[in-house]
Amino acid sequence: MRRSLFALTRDLSGALESSQVAELGEAAIRSYFGGQACVLRTDANDQLVVPHPPPAGLDATVAGWALRHGEPAGLGTATLSAQPWRYVPLKAPMRVRGVLALTLPDPQLLAAPEQMRQLDTLTRQIAIALERVHYVEIAQQAVVEMESERLRGTLLGALSHDIRTPLTALLGLAESLRGLP
């Protein structure tokens, strides 16, 4: 368990995009629990992005419920337990960043407290990595906007200088023409 958590944490720390975080998280869940795993991330409007076509049996409505309520749903839970998938919200420190959907070869795996703790730890690591990547993207966007504003100011300064010189000359000529009879 410690090795898988350490390996996931190490790999996630190097992820630069949310798609990388999702792939690494899915691989870690599959490796530890078996079955299928799908990390459903949120978009800019906090809506879940479901792959097209979704994996067989994955229900986006139940995943959306887990996201909105911040509670697990589906397989082995008190909410919609007849579902073949379990939907676990990816709770990061600031907010829920998505939902981990997983289906297991043996649903009894999650009956053991140790397995539940492992799942909780893995989902928290994925959620924290998604949040980190989100804030890195925001910081990069802010840098681009600042650089764009700086370039805009430089361009306007250069244009105003290039226009000011001919305008000054024209004003001088107009003044001199005014003095002619």
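The values are calculated or read from the model by the stated rules, or taken from the named source; none is laboratory data. Note that the coordinates shown come from a computational prediction; the quantities given were computed from them, not determined experimentally. Cβ sites come from the backbone with ideal geometry, for glycine too, and all protein chains shown count toward neighbours. The protein model used for the area step is the full one, side chains on, heavy atoms only, and it has no ligands, DNA or RNA in it. Shrake-Rupley method; radii C 1.70, N 1.55, O 1.52, S 1.80 Å.
So the values come out like this:
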| quantity | calculated |
| --- | --- |
| Mean Cα-pair separation over length for the chain, i.e. relative contact order, pairs under 8 Å, 6 or more apart, % | 20 percent |
| Helix 60-69 vs. the chain, principal-axis angle (Cα, 0 to 90°, nearest 10) | 80 degrees |
| Cβ-based charge dipole, region 127-171, positive-most Cα from Thr165, Leu151, Ala139 | Thr165 |
| Charged-residue dipole, Cβ positions (Lys, Arg, Asp, Glu), the chain about Cα centre, Debye nearest 20 | 320 debye |
| Region 38-181, accessible surface, carbon-and-sulfur percent (1.4 angstrom probe) | 62 percent |
| Cα-based equivalent ellipsoid of region 91-179: semi-axis lengths in Å, sorted from largest, via gyration tensor | 68, 9, 7 |
| Whole-angstrom gap from region 21-75 to region 93-139, using each part's C-alpha centre | 10 Å |
| Over the chain, volume per residue of the alpha carbon convex hull, in Å³ | 158 Å³ |
| Accessible solvent surface per residue of the chain, calculated while the other protein chains remain in place, 1.4 angstrom probe, Å² | 62 Å² |
